[in-house]
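Chemist: Would you mind keeping the following structure in view while I ask a few things?
Derivation of every value follows stated rules applied to the coordinates shown; laboratory data play no part. None of the values given here were measured: they were computed from a predicted structure. As a convention, Cβ positions derive from the backbone with ideal geometry for all residues, glycine included, and neighbour counts pool all protein chains shown.
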Amino acid sequence: MTAAVPGDGGDGAAGTGRGAGADRAVGGPGDGAAGARSGAGAGAPAGVRAGAEADDVRAGAGVRAGALLVVGDVITDVVARHRGPLAPGTDTAAAVRTVPGGAGANVACWAACWGGAEVRLLGRVGEDAAAWHARELAACGVRPLLVVDPQAPTGTVVCLVDEDAAAERTFLTDSGASLRLGPGDWSDALLDGVARLHLSGYLLFSEPGRAFVAMALRAARGRGVPVSVDPASAGFLTRLGAGRFLSLVEGVDVLLPSRDEACLLAGSPGVADAAARLSRRIPLVVAKRGAEGALLARSGEVCARVPAVAVTPRDSTGAGDAFTGAFLAALMRGAGPEHAAAEGCRAGALAVRRVGGRPPPSAGGS
C-alpha cells in the first residue's frame with residue numbers, strides 16, 4: 001500500500017507491503033518518497049567498497065565514499081527547565097517546551113549539520129507525530145526513513161533540567177514505537193550507498209531491537225561497512241547487564257560511551273581505565289566526559305585526551321548526541337579520531353547552550 005502522511009507537504013510515503021493497517025514508511029521531502037525498506041533510493045550515493053578494510057580506515061582514519069546511516073530512536077521531548085529541587089505535592093515553576101528529540105535522531109541531525117556526507121535515519125514512530133518528525137529531520141538535512149507504527153504512539157521523554165545544577169537533567173521515558181523497531185524493519189538494501197553505520201544503544205533495550213542489531217551487524221560485516229555504537233543510557237545498561245551488552249555489540253569498530261556508561265561496562269571506577277579495558281574488545285573507544293572533554297583508547301591504552309570547550313550550560317540534553325554526530329561527520333570527511341573528537345567537543349559545547357537536543361540552523365563543522 002502507499003499512503004500520504006497528513007501535513008507532510010504532499011510528499012508520499014512508500015508502503016511496506018503488509019496490507020491494510022500495516023506499517024508505513026515516511027520519506028523526507030524531495031527524496032522520491034523513499035520508504036525505509038527500499039534502502040538507498042534514486043540519487044543515493046553508490047559504490048561502497050566491499051570486503052575487509054584496514055583497521056585505521058574502519059576506526060575512522062580514512063575516507064569512504066557514501067552516506068552515514070543512523071538507526072535509532074525518534075522521540076518527542078518535553079523539556080521542563082526549573083531552578084532547584086522539585087516541590088513534591090505542589091507547583092514548581094518551569095519553562096516548558098516540546099521539541100523533536102531521540103538519541104538516534106539527534107545524532108543524525110548533528111552529523112548532517114556538521115557536513116561531509118549524506119545522512120539517513122531509520123527509526124520507528126507513531127502516526128500521531130510522523131509527519132512532524134519527518135519535516136524536522138529534513139529541515140536539519142537528514143533523509144528520514146521512518147516506519148510508521150499503526151499501533152504504538154511516538155515515544156515521549158520528559159526532560160527535567162535543573163538550571164541550578166549545571167543544567168543537569170533527569171529523564172522520564174516512554175519509548176513508545178521506538179521499542180518496536182525490529183527485524184521486519186531491516187533490509188540489506190538499506191546499506192546500499194552507505195559508508196558507515198551508527199546504531200543507538202537504545203535498540204539493545206528491547207527484544208525486537210536486539211534481533212534487529214544482530215541482523216544489521218551481520219549485513220555490515222558482509223559489506224565491510226564500519227559500525228559505531230553509542231550505549232545511550234547507564235540506567236538501561238544496568239538492567240540489561242554489561243556482559244550482555246558487550247556480547248551484543250561484538251564486532252563493532254567504535255564505541256562512544258559516556259563516563260558513567262564506560263565505567264559500568266568495564267566494571268572500573270575510573271573512566272580512563274574503563275576506556276582502556278574496553279578497547280581490548282573494541283578497536284576504538286571514545287569516552288565522553290562532559291566538561292572534562294573526551295579520551296580515546298586503543299589496544300588497551302588511552303591514546304589521546306581531548307579538552308572540552310568551556311561554556312556556561314543552559315540545557316545538557318543531547319550534548320552526548322551532538323558529540324557523536326559531529327565526531328561521525330568528521331570521520332566521514334576523513335579526519336582522524338583525535339581531530340574528530342575535538343569536533344565532537346565543539347558540538348557538545350554548542351548543544352548545552354541551547355534548549356533541546358538538536359543543532360541550531362547556523363551550526364556547522366570545519
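Chemist: Give the residue, chosen from Ala310, Ala326, Ala342, that is buried (at least 19 other Cβ atoms within 10 Å of the Cβ) and without any contact (Cβ under 8 Å) to a residue 40 or more places away in the chain. Steps first, please.
Modeler: Numbers: Ala310 fails: buried (at least 19 other Cβ atoms within 10 Å of the Cβ); Ala326 fails: without any contact (Cβ under 8 Å) to a residue 40 or more places away in the chain.
Criteria check complete, one pass: Ala342.
Chemist: For the stretch 313-364, name all the residues that are small (Gly, Ala, Ser), farther than 20 Å from Val96 by Cβ, in contact with a Phe, Trp or Tyr (Cβ under 8 Å, 6 or more places away or on another chain) and in a helix (DSSP H, G or I).
Modeler: The answer is Ala322, Gly325, Ala326, Ala329, Ala330, Ala340, Ala341, Gly344, Ala347, Gly348.
Chemist: Can you tell me which residue is surrounded by the most Cβ atoms within 10 Å (Cβ to Cβ) among those in the stretch 195-209 that are closer than 12 Å to Gly123 by Cα and of a type in the set (Ser, Thr, Tyr)?
Modeler: The selected residue is Ser200.
Chemist: As an exercise: evaluate Val96 against (1) surrounded by fewer than 17 Cβ atoms within 10 Å (Cβ to Cβ); (2) within 22 Å of Ala211 (Cβ to Cβ) and give the number of the one condition it does not meet.
Modeler: Against the list (1) surrounded by fewer than 17 Cβ atoms within 10 Å (Cβ to Cβ); (2) within 22 Å of Ala211 (Cβ to Cβ), Val96 comes up short only on (2).
Chemist: Any idea how many residues of the stretch 227-263 are under 16 Å from Ala297 (Cβ atoms) and part of a helix (DSSP H, G or I)?
Modeler: 5
Chemist: Moving on to the next point. Consider only pairs whose beta carbons are under 7 Å apart and that are at least six residues apart or on different chains; among these, list those whose first residue lies in the stretch 243-265 and is touching a residue at least 12 places away in the same chain (Cβ under 8 Å) and whose second residue is surrounded by fewer than 24 Cβ atoms within 10 Å (Cβ to Cβ) and in a strand (DSSP E or B).
Modeler: Val252/Val227; Asp253/Val227
Chemist: Could you tell me whether any residue of the stretch 215-229 is surrounded by fewer than 23 Cβ atoms within 10 Å (Cβ to Cβ), touching a residue at least 24 places away in the same chain (Cβ under 8 Å) and among the polar types (S, T, N, Q)?
Modeler: no
Chemist: Among the residues of the stretch 269-301, write down those that are within 14 Å of Leu255 (Cβ to Cβ) and assigned to a strand (DSSP E or B).
Modeler: Leu284, Val285, Val286, Ala287, Lys288, Ala294, Leu295, Leu296, Ala297, Arg298
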